[in-house]
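A.B. asks: Attaching a single structure in structure tokens format; questions to follow.
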Amino acid sequence: MSDTGTRDDQTRPEGTRPVGLTEADAKRRLAERGRPAKPPTSRSYASIVRANVFTVFNLILAVAGAATLVFGEWQDALFLGVLVANASIGSIQEIRAKRALDRLSLLVAPQATVVRDGKPRRVPLEEVLVEDLVRVEPGDQVIADGTVVESRALRLDESILTGESFLVERIDGDELRSGSFVVEGTGAYAVTAVGEESYAERLAGVARSFRHPRSPLERALNHLLFVLVGVMVPLGLVLGYALWHRETPLDEAVPTAVAAVVTLVPEGLILLTSLTFAVAAIRMARRGALAQQLNAIESLASVDLVCLDKTGTLTEPELRVVDLVGRDGDTDGAASELGRYAASASARNATLAAVAAAYPAEPAAVEDEVPFSSRRRFGALRIDGTGYVLGAPEHFELGGLGVDAERAVAEGRRVIAFGQSPELEAERPPAHALVLLAERLRPEASATVEFFRKQGVELKVLSGDRPETVAAIARDTGIDGPAIDASRLPEDDAELTRVALGHAVLGRISPEDKRRVVEALTRSGRYVAMVGDGVNDVPALKAARLAIAQGSGTQMARAVADVVLVTGEFGAVPSMVEEGRRILRNVQRVAKLFVTKSCFAAFLVLSIGITPTAYPLLPRHLTLAASLTIGIPGFFLALAPSTGRWRPEGFLRDLAQFSLPAGTAAGLGVLSSYLFTLNVLGESVFTARTVAVTVLVIVGLYLVLALEAAGRVRSAAVSTLVAALGAAYVAVLLVPFTREFFELAFPGPEVVFPALAGAAIAIAGLAVLDDRFIPGRHTA
């Protein structure tokens with residue numbers, strides 16, 4: 001944003017210029033009012049704690065724990081300690097992420113340009129006062145309620161307030177509401193309400209409250225939880241009826257019911273997912289990327305098509321004038337007029353900033369103005385009775401300058417035309433000169449494009465520049481494909497989709513058509529991300545499944561984005577993609593362990609839970625086994641580096657293909673060894689339960705190996721982890737205190753041999769069934 005667009009208008013006639021507050025008044029009022037709390041930039045601490053503590057599954061476990069404490073032994077309520085520990089770890093990690101994101105968000109927080117003592121200055125939104133005069137230009141957020149006192153073709157996006165997507169023109173005397181954005185024109189408004197009396201309290205979240213697209217993983221996990229709840233309820237009823245029908249004493253019925261319910265609940269799965277999101281957000285914050293929604297990083301893993309703007313993404317946001325071509329060779333007069341035009345315009349975009357730097361001049365009195373907009377592709381001023389027009393060459397009658405324009409475009413230059421016209425909005429005024437501008441590729445642009453190409457992610461460039469210019473820049477970065485002039489895209493949705501899919505570069509595209517293209521690509525089944533920084537990118541950012549904004553971009557673009565590149569580097573995106581795919585791979589794999597536990601529980605309930613035979617496992621046994629085979633390895637593996645396939649689609653199908661046979665095999669191994677020890681060997685329930693727990697631990701650790709032992713380094717690390725967890729279980733059996741606490745027998749031959757046999761039955765069955773259950777063969 002340039003200073004020119006927010007300076008006090010020195011040309012407004014005396015007596016009509018709005019003045020605003022003085023610095024002395026502002027300081028006095030701020031001292032009297034006290035510095036208000038800064039608006040929240042992320043979830044509150046209370047909401048984080050609520051999200052980690054007050055869940056449906058935590059409620060089920062809490063009820064089960066309370067019943068155990070009342071009717072059973074307290075050791076069987078050990079899972080309550082795990083529940084508290086998990087909730088605490090999740091809350092602490094999310095709070096760490098919140099603090100990191102809050103620090104980073106200060107760099108992109110909305111600010112206002114207020115006029116104090118007749119001079120503009122930038123202040124945080126919490127320092128804006130009633131009666132302040134606030135100046136706005138395209139991309140600015142209206143940060144307080146007010147009354148328009150100056151409007152130069154001021155048009156706002158008020159969709160956040162009204163739900164209507166069309167632009168609204170505001171003139172002198174109109175009311176403004178905080179939360180809207182300036183899209184076209186410039187103006188100023190006098191503040192009438194701030195703080196609790198206005199919409200300013202909602203600014204931190206309101207700009208993006210209308211879009212919270214669920215990531216593929218979130219949608220899949222939600223679906224999974226509905227399925228598990230649907231299975232849990234009837235199984236619980238069947239088990240409860242069986243216990244009631246047999247008139248089972250409470251001290252036996254409660255542990256049996258709790259053991260079944262606790263095993264069915266995947267209590268750590270959602271927590272683990274939130275934890276990985278939070279840790280990933282911290283990692284990305286260290287790289288200068290602000291994830292405004294925690295699921296955004298995971299969504300990057302699913303992206304298979306990225307739409308991006310050229311300027312500010314592939315190229316540096318700053319432009320420079322490299323040549324001025326005048327009609328009949330006259331450039332001196334054109335240079336002087338261009339300089340005065342750029343100095344006098346009410347707002348500067350990158351093009352005007354480059355012109356002003358190349359041809360410095362003093363601002364003149366502006367009699368009339370048509371501010372530049374991406375929709376019109378031109379701007380105009382009337383100075384000293386003369387109308388000047390600056391914009392895209394297609395808006396002008398070029399005459400002999402047409403050849404120069406075509407040559408410059410072929411060389412990859414950005415071309416704008418400058419001319420005079422009595423009517424500022426006249427169609428095709430004569431061009432007097434051409435301004436040739438150069439853009440410099442970002443140093444990391446080519447490497448970033450190459451990364452996406454290798455990852456199978458398609459790139460499309462959507463730009464308001466001429467397609468030839470955009471295509472030349474795109475080719476330099478490695479984006480090669482057909483280009484099209486998108487100024488007249490098809491109205492038919494099917495034809496629009498065909499055009500969008502068939503072209504890598506779409507030039508001369510309007511903001512609304514950017515949105516239409518993104519929507520068409522999404523309808524075709526593509527998972528679309530949009531990268532942009534300007535007001536003209538906002539409609540497309542809103543329409544995309546994932547919105548990424550440059551930190552150097554407008555407030556409006558940053559506010560609607562899921563991820564803000566605070567450093568403004570497009571090269572940060574590949575690391576975000578890798579982070580997202582790591583999360584997706586790890587959570588997909590670890591989720592199979594949690595669901596395997598639920599399938600195992602369902603098998604036991606249906607096979608032995610409804611019979612008079614004593615249940616093979618106590619709640620404390622399941623807590624021990626689940627901690628060693630799922631909780632602890634899941635925590636490490638979800639955050640570890642990973643390689644291999646990733647697939648956003650078919651997640652639930654892949655989950656079922658692993659978990660159903662794995663849970664059933666584990667159940668068969670446990671049940672067969674338990675019944676053999678109990679009925680054939682004639683051992684006590686105490687010993688038989690020890691056998692069952694041992695089988696469950698062995699099979700569970702084997703499944704960790706089957707899932708994770710891929711690649712030499714990872715295989716060695718996972719094998720070491722599994723060996724350590726196995727040793728921990730052996731220590732529990734050997735140490736008298738822990739053995740008595742968990743109600744387990746000493747591992748003599750009557751325990752070891754049946755346990756090894758039961759584990760061998762389960763593992764052999766899995767290996768024969770599918771080679772995905774053989775360590776080193778599973779890659780997803």
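The values are calculated or read from the model by the stated rules, or taken from the named source; none is laboratory data. Here the structure is a predicted model, which means the values were calculated and not measured. Cβ coordinates were reconstructed from backbone atoms using ideal geometry, including for glycine residues, and neighbour counts include every protein chain displayed. These area figures cover heavy atoms from the full protein model, side chains too; ligands, DNA and RNA do not enter into them. Shrake-Rupley method; radii C 1.70, N 1.55, O 1.52, S 1.80 Å.
A.B. asks: Could you look at the chain and say what percent of its accessible area is carbon and sulfur, using a 1.4 Å probe and all protein chains?
C.D. replies: 58
A.B. asks: Okay, moving on. Using modelled amide H (1.01 Å from N, peptide plane; none on Pro or chain starts), what sits under 5 Å from the amide H of T315, excluding residues fewer than 5 places away?
C.D. replies: R442
A.B. asks: OK, next. Leaving ligands and nucleic acids out of the surface, order H621, H395, H432 by accessible area at 1.4 Å, largest first. Each step should come with its number before you reach the end.
C.D. replies: Working: H621 0, H395 35, H432 65 Å².
Highest to lowest solvent-accessible surface, that is H432, H395, H621.
A.B. asks: In addition: 222 nm [θ] for the chain, helices only, -39500 (n - 2.57) per DSSP H run of 4+, per residue, to 500?
C.D. replies: -15500 deg cm²/dmol
A.B. asks: Let me ask something additional. Which residues' amide hydrogens lie under 5 Å from the amide hydrogen of H432, considering only partners 5 or more residues apart or on another chain, with H built in the peptide plane?
C.D. replies: HN-HN under 5 Å from H432: F418, G419, Q420.
A.B. asks: How much solvent-accessible surface does W74 expose, in Å² to the nearest 10, with a 1.4 Å probe and all protein chains in place?
C.D. replies: Surface accessible to solvent at W74 totals approximately 150 Å².
A.B. asks: With every protein chain kept in place and ligands, DNA and RNA left out, what is the accessible area per residue of the range 688-771? Probe 1.4 Å, answer in Å². Before the final figure, lay out the partial values.
C.D. replies: Working: 3570 Å² over 84 residues.
For the range 688-771, the solvent-accessible area averages 43 Å² per residue.
A.B. asks: Given a Förster radius of 56 Å and the C-beta distance between S719 and A426 as r, what FRET efficiency does 1/(1 + (r/R0)^6) yield to the nearest 0.05? Working shown, then result.
C.D. replies: On the way: r = 77 Å, r/R0 = 1.37.
Computed FRET efficiency for S719 and A426: 0.15.
A.B. asks: Still on this structure: Which part of the range 599-637 falls in the paramagnetic zone of S684, meaning amide N under 20 Å from the point 7 Å along Cα-to-beta-carbon?
C.D. replies: 613-622
A.B. asks: Further question on the same structure: Per residue, how large is the accessible surface of the range 466-512? Use a 1.4 angstrom probe and give square angstrom.
C.D. replies: Working: 2130 Å² over 47 residues.
Ligands and nucleic acids excluded, the result is 45 Å² per residue.
A.B. asks: I'd like the accessible area for D323, computed on protein heavy atoms only with a 1.4 Å probe and all protein chains in place. Round to 10 Å², please.
C.D. replies: Taking all protein chains as shown, D323 has close to 70 Å².
A.B. asks: Shape verdict for the range 672-780, please, from the Cα gyration tensor: rounded (a/c under 1.5), prolate (a/b greater than b/c) or oblate.
C.D. replies: Oblate, because a/c is 1.5 or more while a/b does not exceed b/c.
A.B. asks: Just the number, please: percent antiparallel of the DSSP beta bridges in the chain, rounded to the nearest 5.
C.D. replies: DSSP beta bridges in the chain are roughly 70 percent antiparallel.
A.B. asks: Next up: Just the accessible area per residue of the range 350-414, please: how many Å² with a 1.4 Å probe?
C.D. replies: Normalised by residue count, the accessible surface of the range 350-414 is 42 Å².
A.B. asks: By the gyration tensor of its Cα atoms, with a ≥ b ≥ c the square roots of the eigenvalues, what is the shape of the range 424-475: rounded for a/c under 1.5, prolate for a/b over b/c, or oblate?
C.D. replies: prolate
A.B. asks: If you line up the long axis of helix 250-264 against the longest principal axis of the chain, both from Cα atoms, how many degrees apart are they, to the nearest 10?
C.D. replies: 40
A.B. asks: Using 0.36 nm times the number of residues separating A494 and F226, minus their current alpha carbon distance, what extension gain do you get? Could you put the intermediate results ahead of the total?
C.D. replies: Working: separation 268, 0.36 × 268 = 96.48 nm, distance 3.53 nm.
Roughly 92.9 nm would be gained on extension.
A.B. asks: Let me know the number of lysine pairs in the chain closer than 22 Å at the Cα, not counting same-chain pairs under 8 apart.
C.D. replies: 10
A.B. asks: Hey, if we sort F54, F658 by accessible area with the 1.4 Å probe, largest down, what's the order? Could you put the intermediate results ahead of the total?
C.D. replies: Numbers: F54 155, F658 0 Å².
Correct descending sequence by accessible area is F54, F658.
A.B. asks: What Kirkwood Rh does the range 278-330 have if only Cα atoms enter the pairwise 1/r average? Answer in Å.
C.D. replies: 15.0
A.B. asks: Need one value: the accessible area of S715 in square angstrom, 1.4 angstrom probe, rounded to the nearest 10.
C.D. replies: Solvent-accessible area, nearest 10 Å²: 30 Å².
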